[in-house]
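The values are calculated or read from the model by the stated rules, or taken from the named source; none is laboratory data. Predicted, not measured: the structure shown is a model, and the values here were computed from it. Cβ sites come from the backbone with ideal geometry, for glycine too, and all protein chains shown count toward neighbours.
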């Protein structure tokens with residue numbers, strides 16, 4: 001039994017302009033101690049998918065009837081997140097079995113409360129601890145993520161810390177409840193490269209130590225290459241490629257994944273031209289028929305890509321891709 | 001490209017006064033003794049972490065912050081301005097020659113103006129065009145250069161994606177026909193797939209219109225692919241400055257090397273081999289003695305803690321501010 005098993009997740013938002021499909025028939029699994037990189041442009045549905053794991057999307061979200069999210073809890077039992085509805089029931093998932101780190105650490109801490117108070121508050125809700133024990137644990141966690149003089153920092157406010165330190169405190173807070181699954185939504189995007197390297201190192205160390213599963217959302221394939229065990233690439237709410245990190249980065253099958261890799265400026269060849277993925281991601285209100293990527297694909301087969309949704313074809317047991325161009329077993 | 005400098009700075013400093021009350025005022029030197037030449041027609045890159053003073057330096061060249069010491073001049077062959085002592089009328093004409101492209105295309109465009117009005121505003125404010133027909137003509141010209149459709153001109157910014165919005169910002173900056181453009185982190189907020197497209201657009205505009213760009217970025221790989229010359233900043237100083245190819249082939253300053261090694265590699269097997277930089281950039285109100293980088297430098301010794309090195313070169317255009325660069329280069 002996997003730590004997380006997501007099957008046929010579909011999510012639509014009811015808006016004034018009509019139904020917007022944000023996630024379309026997404027399936028994946030995650031094991032304990034495994035890091036999955038979730039990659040795609042803005043608007044591809046990465047964050048919505050991650051938030052769906054805690055049913056944290058806005059009130060106007062409607063989940064598809066076949067959607068299933070099975071999550072293993074700390075005590076070994078399994079819960080279907082889709083069946084939970086009341087906020088009280090959802091607490092076993094939100095902040096309990098699942099913690100989340102957001103992109104902008106300044107926006108995710110309350111500005112008018114010391115960070116220590118916020119750390120203790122969530123521990124009192126989710127862990128069976130006394131106030132003093134919660135405080136001791138929080139200080140220990142701050143120390144653990146490399147914040148020096150943790151006892152003083154415990155009483156400080158978010159604005160008194162630098163960006164890198166705030167993100168460390170966020171990680172300490174997310175891990176203090178000992179979650180089974182950690183969702184990190186672009187945790188290093190707002191940081192400088194030197195600080196990003198420190199935070200990535202820290203997260204790798206903590207996975208080894210705590211053994212939880214991580215979903216790492218990012219648009220930077222370099223970060224994925226350095227952190228993830230496997231990669232899932234999303235485009236307009238659909239998953240278009242999935243596989244072990246080495247396979248996906250060295251042998252990208254989907255034209256979109258190849259486009260993302262080609263668009264990265266490479267340091268080993270300064271003369272190589274930068275190749276953008278042509279065009280812009282279409283509005284989710286005007287989702288293309290057939291393969292959602294056909295409007296920007298340079299290798300579109302015409303009729304076939306415009307009308308029929310591609311099935312998964314497997315390059316090998318773990319590496320699969322949803323594209324008409326790629327035939328089953330092509331890699332063998 | 002000629003070697004004649006369009007912008008030159010000599011010992012330029014910019015400081016801000018900060019503090020809780022008028023009795024505890026402290027001076028914060030954001031830019032400290034910078035000497036540099038930006039050749040006419042070049043794509044000049046400035047890199048550094050947050051807090052290194054790169055944005056302030058750009059603003060100083062646009063005369064958007066008061067210059068506290070040293071001098072800076074603009075000389076395009078026909079007109080010449082001393083940026084440190086400008087009259088109000090000089091400043092008005094200088095605004096036509098020097099423009100800024102902002103980082104965040106979502107915040108930089110008024111949501112209540114159509115794209116046509118956004119691009120036309122500088123033309124009307126500066127009195128460049130006399131009639132509405134003339135303005136429309138000019139807006140259409142510049143929009144076409146920035147690859148916007150006529151159809152787009154009637155819409156409001158909310159209808160556009162990040163990449164399209166950035167093209168609108170670029171069109172607005174170029175509408176008044178400037179010679180010198182400061183692009184401050186202009187691709188940082190964009191997806192990699194779109195980033196390449198905007199970089200290619202900036203390059204082609206620079207070639208076609210003979211512009212001089214100062215390109216501010218924290219992303220070394222982006223700078224490597226677009227700029228002719230790169231200056232690396234740390235705590236308000238330029239610590240290394242060289243033609244792009246020289247800098248990337250043989251970085252001399254330990255800080256530049258650390259920045260390089262912090263870029264996440266696309267090769268998943270390259271994990272854990274990088275040289276990590278410890279700690280964070282010190283506060284500019286409380287600067288270290290001697291070489292400003294010594295608190296984070298793995299090679300620092302007593303000399304570095306005591307004396308600040310000068311920006312020196314070996315006769316080529318490659319300059320570096322480090323006591324030990326020759327010894328370090330010999331080691332490598």
Notebook entry, point to check: Within the range A:279-306, restricting attention to residues that are away from chain B (no Cβ under 14 Å) and part of a helix (DSSP H, G or I), which residue is surrounded by the most Cβ atoms within 10 Å (Cβ to Cβ)?
Noted result: A:305
Notebook entry, point to check: Hey, which of the helices (runs of 4 or more DSSP H) in the range B:39-135, taking only ones fully inside, have at least 3 residues that are crowded, with 18+ Cβ neighbours inside 10 Å and out of contact with any strand residue (DSSP E or B) (no Cβ under 7 Å at 6 or more places or on another chain)?
Noted result: B:115-125
Check: Being touching a helix residue (DSSP H, G or I) at 6+ places or on another chain (Cβ under 9 Å) and assigned to a helix (DSSP H, G or I), is that true of even one residue in the range A:228-240?
Finding: no
Next item on the list: Would you check which residues across the range B:218-247 are assigned to a strand (DSSP E or B), surrounded by 24 or more Cβ atoms within 10 Å (Cβ to Cβ) and within 12 Å of chain A (Cβ to nearest Cβ) and list them?
Entry: B:230, B:234
Checklist line | Residues of the range A:307-325 satisfying the condition of being assigned to a loop (DSSP other than H, G, I, E, B), touching a residue at least 40 places away in the same chain (Cβ under 8 Å) and surrounded by 14 or more Cβ atoms within 10 Å (Cβ to Cβ) | finding: A:315, A:316, A:319, A:323, A:325
Next item on the list: Could you please give the count of residues in the range B:248-273 that are more than 10 Å from chain A (Cβ to nearest Cβ) and more than 17 Å from the chain's Cα centre (by Cα)?
Entry: 7
Note to self: So, restricting to helices (runs of 4 or more DSSP H) that lie completely within the range A:129-215, which ones have at least 2 residues that are under 15 Å from residue A:103 (Cβ atoms), within 14 Å of chain B (Cβ to nearest Cβ) and touching a residue at least 60 places away in the same chain (Cβ under 8 Å)?
What the structure shows: A:163-176
Note to self: Going by what's in this entry, would residue A:172 be described as surrounded by 21 or more Cβ atoms within 10 Å (Cβ to Cβ) and in contact with a strand residue (DSSP E or B) (Cβ under 8 Å, 6 or more places away or on another chain)?
What the structure shows: no
Next item on the list: Any chance you could count how many residues in the range B:147-177 are outside any helix (DSSP H, G or I) and more than 13 Å from chain A (Cβ to nearest Cβ)?
Entry: 4
Check: Quick one: would you say residue B:207 is part of a loop (DSSP other than H, G, I, E, B) and either within 14 Å of chain A (Cβ to nearest Cβ) or at pLDDT 90 or above (or both)?
Finding: no
Margin query: Between A:222, A:243, which is within 14 Å of chain B (Cβ to nearest Cβ), modelled with pLDDT of 95 or more and under 18 Å from residue A:40 (Cα atoms)?
Written below: A:243
Next item on the list: Please report, ordered by residue number, the strands (runs of 3 or more DSSP E) entirely within the range A:11-80 with at least 3 residues that are out of contact with any helix residue (DSSP H, G or I) (no Cβ under 7 Å at 6 or more places or on another chain) and buried (at least 18 other Cβ atoms within 10 Å of the Cβ).
Entry: A:18-30
Margin query: Restricting to the range B:274-295, and then to whatever is more than 24 Å from residue B:17 (Cα to Cα) and at pLDDT 90 or above, can you tell me which residue is nearest to the other protein chains (Cβ to nearest Cβ)?
Written below: B:295
Notebook entry, point to check: Taking the range B:298-321 only, how many residues are within 15 Å of residue B:233 (Cα to Cα) and in contact with a helix residue (DSSP H, G or I) (Cβ under 7 Å, 6 or more places away or on another chain)?
Noted result: 1
Item checked: Sole exception among (1) at positive phi; (2) within 14 Å of the chain's Cα centre (by Cα); (3) surrounded by fewer than 24 Cβ atoms within 10 Å (Cβ to Cβ) for residue A:211, by number -> (2)
